Amino acid sequence: MQLKRFFIKDLGLELSKTYELKQEDYNYIVNVMRLRLNDTLSIANNTGYDFLCQIVSITKNGITIKVLEKEENLSESKVNVTVCQALVKGDKFEFITQKIVELGVNTLIPFTSTFTIVKDNTQKTERLNKIAEQASSQCGRSKTLNITEIVSIKDLPKLLNSYDLVLLAYEKANFSLQTVLKNSKNCKNIAIIVGSEGGFSESEVTYLEKELKNLKTVSLGLRILRSETASIVLTSAVMYEMGELS
Ligand code: SAM
């Protein structure tokens, strides 16, 4: 049977020690994934390591595991990529969250702007974090996505000023994405900004261009992509150029 992977973000783990897990982890491991006494499982805890553990006790109230092995996880991206995604309708934000975890993104900054229809999705925060953790487990990552609080587009410059490169996906952009990425091979911290269904106002684009010295507005071609497509395409292009898809 394939080793089942679990993500338990706040669990500090040390070799040979035993740990009693929380009720919610118990429910997932025992009731949902149906693991039993003496079964082994792999736990990632956001530290960059995977921990091979064994279930040493299961009672009505809890589950205890013992750490058997600790191994460095090599699947994390070598470039630090942040996605700034305008809030979008329905379950598209969840879809974007899941896909960018698979692509190796470290941080997601949700933001509102003039044309965002959704102005708040804080009620989804817990669900988004769960989706990110499950995506991390499923794709073999040892870290999960850091989802920040929702900010206004006006706050992006101060959050992104230290990045080597910030790519703003904008339909009317003059820069070719291909050229920008070819000249950015040495960048280690890259952020991308993608608008909502309504896109950006011209004054928002001017504001970001003025405030962010490392910003390049890039076109993703002559067709208008849906916001979720644009996020995934741009993230994939960045990861491809940085050698993360090879
Ligand atoms: N309402 C906008 C319009 O009609 O011009 C379209 C917004 S589009 C659905 C959502 C977001 O995806 C845009 O704000 C932009 O960030 C990105 N996007 C979509 N197509 C793009 C393209 N061809 N080039 C650059 N960015 C694009």
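The values are calculated or read from the model by the stated rules, or taken from the named source; none is laboratory data. Treat the numbers as computed from the prediction; the structure is a model and nothing was measured. Each accessible area value is taken on the protein alone, full model and side chains, heavy atoms only, with ligands, DNA and RNA left out. Shrake-Rupley method; radii C 1.70, N 1.55, O 1.52, S 1.80 Å.
Restricting things to alpha carbons, find the Rg to Rh ratio for the chain using the Kirkwood radius for Rh.
Using only Cα positions, Rg/Rh for the chain is 1.04.
For the chain, give the percent of accessible area contributed by carbon and sulfur heavy atoms, probe 1.4 Å, rounded to a whole number.
Percent of accessible area from carbon and sulfur atoms in the chain: 49.
Over 22 Å between Cα atoms: which of LYS158/LYS213; LYS185/LYS210; LYS60/LYS130; LYS182/LYS213; LYS22/LYS119; LYS89/LYS158 fall into that group?
Pairs exceeding 22 Å: LYS185/LYS210; LYS60/LYS130; LYS22/LYS119; LYS89/LYS158.
Stretched out fully, how many nm does the piece from THR18 to LYS185 gain, at 0.36 nm a residue minus the Cα gap?
Value of the extension gain: 55.7 nm.
Alpha carbon centre of region 9-68 versus region 121-194: separation in Å?
Value for the Cα centre distance between the two parts: 31 Å.
Principal axis extents for region 1-87, Cα atoms only, whole Å, descending order, please.
Rounded to whole Å, the extents work out to 44, 32, 26 Å.
Using a Gaussian network model on the chain with a 10 Å cutoff between Cα atoms, which of THR82, THR144, THR18 fluctuates the most?
Of THR82, THR144, THR18, the Gaussian network model singles out THR18 as fluctuating most.
What Kirkwood radius, in Å to one decimal, follows from the Cα pairs of region 118-210?
Taking every pair of different Cα atoms in region 118-210, averaging 1/r and inverting gives 15.7 Å.
Pairs of alpha-carbon atoms within less than 8 angstrom and 6+ residues apart define the contacts here; what relative contact order does the chain have, in percent? Numbers along the way, then the final one.
Working: 466 pairs, mean separation 48.3, N = 246.
Worked out over the chain, it gives 20 percent.
For helix 227-241, what angle does its Cα long axis make with the longest principal axis of the chain, in degrees from 0 to 90 and rounded to 10?
The angle comes out at about 80 degrees.
Please report the projected area of region 103-166's Cα convex hull averaged over all directions, in nm².
The Cα convex hull of region 103-166, projected and averaged over all directions, gives 5.3 nm².
Might you work out the accessible area of THR114 for me, using a 1.4 Å probe with all protein chains in place, and round it to the nearest 10 Å²?
Surface open to solvent at THR114 totals about 90 Å².
What whole-number volume per residue, in cubic angstrom, does the convex hull of the C-alpha atoms of region 17-163 give?
For region 17-163, the hull spanned by Cα atoms encloses 125 Å³ per residue.
From the Cα gyration tensor of region 158-214, with a ≥ b ≥ c the square roots of its eigenvalues, which class applies: rounded if a/c is under 1.5, or else prolate if a/b is larger than b/c, or else oblate?
Oblate is the answer for region 158-214, as a/c is 1.5 or above yet b/c matches or exceeds a/b.
Per residue of the chain, what 222 nm ellipticity follows from adding -39500 (n - 2.57) for every DSSP H run with n ≥ 4, rounded to the nearest 500?
Helix-only estimate at 222 nm: -8000 deg cm²/dmol.
Explain nothing, just the number: relative contact order of region 170-242, from Cα pairs under 8 Å at least 6 residues apart, as a whole percent.
54
Do you know the relative contact order of region 1-50, to the nearest whole percent, from alpha carbon pairs under 8 angstrom that are 6+ apart?
It rounds to 62 percent for region 1-50.
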